[in-house]
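Asker: Attaching a single structure in structure tokens format; questions to follow.
No value in this document is a laboratory result; all are computed from the given coordinates. Since this is a predicted model, take the numbers as computed values, not measurements. Note that we place each Cβ from the backbone using ideal geometry, even for glycine, and neighbour counts take in every protein chain shown.
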């Protein structure tokens, strides 16, 4: 099944001349257990006309989503192609695999978003993605699901690049618009994440956990050692105090 970036495809359809005659003739929208099909060409054209590029800061965090198969038709030729996209209701966004091979995102206009919501009423979405395995460089990471934090859109972008990139390979349990086909690399020297075509500054705690292939939810190592030292000191003082009391009684 072919996958192309949604923005250029839909934009071309939205501005095509009548002579071109290609159109989105159907959309098959699937949730976790069932699918619905729409042949409302007017609504599907509004979907094409309302889509536009989505800024990195507006890309939704991993959450529930639907899969959509767009069917293309041409008079006299019938079905001539199709494209797979994902729709994320919480962010009003569509995603598809771009020419670079990485997920690319577009916005969905209000009317088109409402159309999709109506068509999926009562249709359970795919749940928030899960990761079966994460490898940082050559190290198998603990708590793979915590690595969904790598798709946090709030991290600041950086104009810098690096020369010490380590690959981060994610293995999702099912296809989804975030981790499927995601090309991630991390620079320990500059604490940067290379996600898609952009670089992001990784928060210090998360950077330390990536470098140690720990859970990204783990507390900083220094803090853990401090708490362990404090607990040990309290236990030692308790033993000393008990010994002194026994000697006094004796």
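Asker: Beta carbons within 10 angstrom, averaged per residue: use that to sort the peptides 179-192, 23-36, highest first.
Answerer: Details: 179-192: 18.4, 23-36: 16.4.
In descending order of packing, they fall as 179-192, 23-36.
Asker: Please give, to one decimal in nm, the separation of the simple spin-label points placed at residue 69 and residue 121, each 7 Å out from Cα toward the Cβ.
Answerer: 2.6 nm
Asker: Distance in nm between label sites at residue 80 and residue 37, each 7 Å beyond Cα in the beta-carbon direction?
Answerer: With each label point 7 Å from Cα toward Cβ, the separation is 2.1 nm.
Asker: Quote the convex hull volume per residue of the range 34-149, based on C-alpha atoms, as a whole number of Å³.
Answerer: Working: hull volume 16.8 nm³, N = 116.
Residue-normalised Cα hull volume stands at 145 Å³.
Asker: Label point 7 Å out from residue 219 along Cα-to-Cβ: which residues of the range 184-211 have amide N under 15 Å?
Answerer: 205
Asker: Over what distance in Å are the Cα centres of the range 22-74 and the range 77-109 separated?
Answerer: That distance is 7 Å.
Asker: Further question on the same structure: What per residue convex hull volume, in Å³, comes out for the range 131-218 when only alpha-carbon positions are used?
Answerer: On the way: hull volume 7.5 nm³, N = 88.
Output value, Cα hull per residue: 85 Å³.
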